[in-house]
Protein chains: 2
Amino acid sequence: MDHSRFFSFVGGQAGPWRVQSVRPWRGETLETPAALDVYPGNLTALPADANWLLRGVTSNQRYVNRGEQAALMAVQQGLGRADSTCAALIPIRKNAAWWALTQEERREIFEERSAHIAIGLRYLPAIARRLHHSRDLGEPFDFLTWFEFATGDAAAFDDLLAALRATEEWSYVEREVDIRLTRAG
Amino acid sequence: MDHSRFFSFVGGQAGPWRVQSVRPWRGETLETPAALDVYPGNLTALPADANWLLRGVTSNQRYVNRGEQAALMAVQQGLGRADSTCAALIPIRKNAAWWALTQEERREIFEERSAHIAIGLRYLPAIARRLHHSRDLGEPFDFLTWFEFATGDAAAFDDLLAALRATEEWSYVEREVDIRLTRAG
């Protein structure tokens, strides 16, 4: 098994990220743990004393076209920047109506009508991100998005979420939990 | 965990399908077992005495558009037909160049230049199929396609494979194994 693209997020008692808040935006929330740890790889069992385990895998692009990809690559920055002391983990599940759409119908809603990529671009390079796919792993969420940013960009991050949640695309979101973190230490 | 879309294919000593042949088309082959069993669900360990275990998950459409989907739905038939005494399991892995393409570039090659859907349509309803995605599970193959057909359609099935393998899309296939089966009993 090649699990090099897997990441396991454990909400529990220990880890480099302190949990500031866990708030549901749609549907059922998650328990609020003290801390969060991110493991590269595929944890198959909940560690002792942990509250929850969420897993996802980085994968090929589903919606971005060549021009959009070039625009993103030109400005985005990686995770782990020294001043990125804030993070967020946003697990999302979309509804059955979304997944019954064809690829071209989903792309039309995603970008032509909701400007998902264009909105994200406005917040680069401040807000770094990594998308993990979970739906085909049998997980409770379809996507786990991990964001990192400096304290001074926390308000911009709130703006980014508000802009996305106002889109037509977000009308297909049936569960979303907003987990805010700060680096322990 | 919701593993209702998972299927586990076990090549071993027992199962309702007798293995006629295991032939590599590209890259490394698989061992030739005596029989094959198909389990709904996600087997996490190789059963005793089995040769190999391959897993996949049925998922949302990646390439088919609305018109193509309607054309497929109008003619395709389900698995398990009484006269479908022949089956094939074709595990495929595409190369890194394929997965580095954007969605629209992949669609262009898949259908506009390779006619993957149009070719498949010519062999409906004779050749029934179910596609399983494996790439994001960390499996050795990207896709497992399961086919069922009557003895009299075995030559048509060979034609279908030959037509697909002659396409531009197939130039991205780096590993493919062709496993032919007949129903035991």
So the pair-distance distribution of region B:1-106, from every Cα-Cα distance in 10 Å bins, comes to percents of 11, 31, 37, 19, 1
Efficiency by 1/(1 + (r/R0)^6): what FRET value for B:Thr44 and B:Leu79, r their Cβ-Cβ distance, R0 = 25 Å, to the nearest 0.05?
-> 0.55
Note to self, chain A gives a 222 nm [θ] from helices alone (DSSP H runs n ≥ 4, -39500 (n - 2.57) apiece, / all residues, nearest 500) of -5500 deg cm²/dmol
Over chain B, the quotient of the Cα radius of gyration and 2.2 N^0.38 Å is 1.01
So how far apart, in nm, are the two label points at A:Ala100 and A:Arg113 if each is 7 Å from Cα heading toward Cβ?
-> 1.5 nm
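Read the figures in this text as sums done on the coordinates, not as results from a lab. Because the structure is a prediction, the values reported are computed rather than measured. Methodologically, a virtual Cβ is constructed for each residue, glycine included, from the backbone with ideal geometry; neighbour enumeration extends over all protein chains shown.
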